[in-house]
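Worksheet: one structure, shown below.
The values are calculated or read from the model by the stated rules, or taken from the named source; none is laboratory data. What you see is a predicted model, and the numbers here were worked out from it, not measured in a lab. Neighbour counts are summed over all protein chains in view; Cβ atoms, including those assigned to glycine, are modelled from backbone coordinates with ideal geometry. Side chains are part of the model used for accessible areas, which takes the heavy atoms of the whole protein and leaves out ligands, DNA and RNA. Shrake-Rupley method; radii C 1.70, N 1.55, O 1.52, S 1.80 Å.
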Amino acid sequence: EEKLNYLKDCYCSVEKVIQRISKLFGFSLVIEVLILMGNVVSSGYFLIVTSLNTNNETTLASINRISTPLVDIFTHTNFFYWLAVSANRLHMESRKPIQLLKHFPYQNFSDSTKKKMCRFYHDISSTNISLTAADYFVVNKSCIASLFSSVLTFVVVLIQFKNDEEKSRPTPK
């Protein structure tokens, strides 16, 4: 029973720490994601547009022209990727006590201890420990996929606008 109380206290402490981190860094994380998306959209657009326009340049110049936005995209997404992976790992680790309690041999304990264990199991199974950005969104791997799809959609729209602009521009005589 003493160990159960200790486990419950540890679990509640982790939950409180993650909530405090989410509140402390949440708004700045939202700003960081907006900046990240803007930088990746502009770098992705620049990468695609410049890679489509080859004007008889040397190989070194074309490599430099393409590598600059690629490095930009990598540096902007690297931090958020590792943050999301770590947050996802934290969430998965927080679910492990549920599995332990699910397969725990309850018959060896008193009725009061069984009730406490059942209550603890219910509490942690209904609690979701995850890092959030000021409660706007949960930072995890699916968040990365959503951001990537949004960025890709926006870049495609920008390229379509550019193509329409080039088609509507009068040809010089």
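Scan the stretch 124-136 for residues that are open to solvent by less than 60 Å² (accessible area, probe 1.4 Å) and either basic (Lys, Arg) or in contact (Cβ under 8 Å) with a residue 60 or more places away in the chain (or both) and jot them down. The answer is 124, 127, 129, 130, 131, 132, 133, 134.
Just checking, how many residues over the stretch 68-116 are under 30 Å from residue 26 (Cα atoms) and either hydrophobic (A, V, I, L, M, F, W, C) or touching a Gly at 6+ places or on another chain (Cβ under 8 Å) (or both)?
Residues flagged as under 30 Å from residue 26 (Cα atoms) and either hydrophobic (A, V, I, L, M, F, W, C) or touching a Gly at 6+ places or on another chain (Cβ under 8 Å) (or both) within the stretch 68-116 amount to 15.
Go through (1) in a helix (DSSP H, G or I); (2) in contact (Cβ under 8 Å) with a residue 24 or more places away in the chain; (3) surrounded by fewer than 16 Cβ atoms within 10 Å (Cβ to Cβ) for residue 66 and report which single condition fails. Condition not satisfied by residue 66: (2).
The rows are residues; the columns are (1) open to solvent by 40 Å² or more (accessible area, probe 1.4 Å); (2) within 30 Å of residue 21 (Cα to Cα); (3) modelled with pLDDT of 85 or more.
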residue: 142; (1), (2), (3): yes, yes, yes
residue: 146; (1), (2), (3): yes, yes, yes
residue: 156; (1), (2), (3): yes, no, yes
residue: 163; (1), (2), (3): yes, no, no
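Only one entry of 169, 95, 89 meets the criterion of being open to solvent by less than 90 Å² (accessible area, probe 1.4 Å) and without any contact (Cβ under 8 Å) to a residue 40 or more places away in the chain, and that entry is 95. So, of the residues in the stretch 50-63 that are assigned to a helix (DSSP H, G or I) and either open to solvent by 90 Å² or more (accessible area, probe 1.4 Å) or modelled with pLDDT of 85 or more (or both), which turns out to be nearest to residue 159 (Cα to Cα)? My answer is 52.
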